Amino acid sequence: MHGPAMSGWLLVALCAATGAYCLLRLRSGGGEHREEAGGDALMGFGMAAMAVPAAVLAPPAWGWMLYAGVFGGAALRALWQTRGSAHHVHHLVGSLAMVYMALAMAPGSGGPAHTGHPSGYAAGGVPLLTGALLLYYAAYVLRSGVKLMPGATAAGGTVAGTGANGGAGGGSGGGGGAVPWGARPELVLACRVSMGIGMIAMLVTL
């Protein structure tokens, strides 16, 4: 995930922008909607921090353990929340993927040297697990991308997982009330597609 500097910074910008929009979503609803937005925001900013080029910032060994600890806690929380929303299953997979990447990128992980890292900075993963995660995120991006097509958006009306206030027709009067930016279903989907693409970009470097 620390490849050429330009692609690394583009990934940082994409993930940080996604995380920032998810923070905006926190103001547009309550309950389950806020929990999902908070999970997406944590994932976006975590991915942005992990994607910073190693030439600029190479985290120490404890930094990778901190990543693993934070997202390990997020995985436990997502596991508990899967009772209420299927989208938390995706949060669970994402959090576990972040733990996996943090452990794989930690110095002394036993994997092969990564060409994008400085000398002595080991990185490696389990090919079968990496491949399974790549397949999952490729399917997720394709499935979510289809929902962004105009016909699918018009037919669906709302996006699953955006909460009670996240639908395109969420105005209380049923009329032409403007939908808040933080509750626009097409933007929510676009952010999830962006994070899925970002995760693929990070996984392929293991």
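The values are calculated or read from the model by the stated rules, or taken from the named source; none is laboratory data. Computed from a prediction, not measured in an experiment: that's the story for all the values here. So basically every Cβ, Gly included, is an ideal-geometry build from the backbone, and we count neighbours across all protein chains shown. Each accessible area value is taken on the protein alone, full model and side chains, heavy atoms only, with ligands, DNA and RNA left out. Shrake-Rupley method; radii C 1.70, N 1.55, O 1.52, S 1.80 Å.
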Carbon plus sulfur fraction of accessible area for the range 1-90, probe 1.4 Å, in percent: 73
What distance in nm separates the two pseudo spin-label positions at A132 and R34, each 7 Å out from Cα along the beta-carbon direction? 3.5
Which of the peptides 44-52, 58-66, 70-78 is most tightly packed, and how do the rest follow, going by the mean number of other Cβ atoms within 10 Å of each residue? 44-52, 70-78, 58-66
In sequence order, calculated HN-Hα J values of the range 193-206 (Karplus, 6.51, -1.76, 1.60; Hz; x Gly/Pro): 5, 4, 5, x, 5, x, 5, 4, 4, 6, 5, 5, 8, 6
Rounded, prolate or oblate, given the Cα gyration tensor of the range 1-104, with a/c below 1.5 counting as rounded? oblate
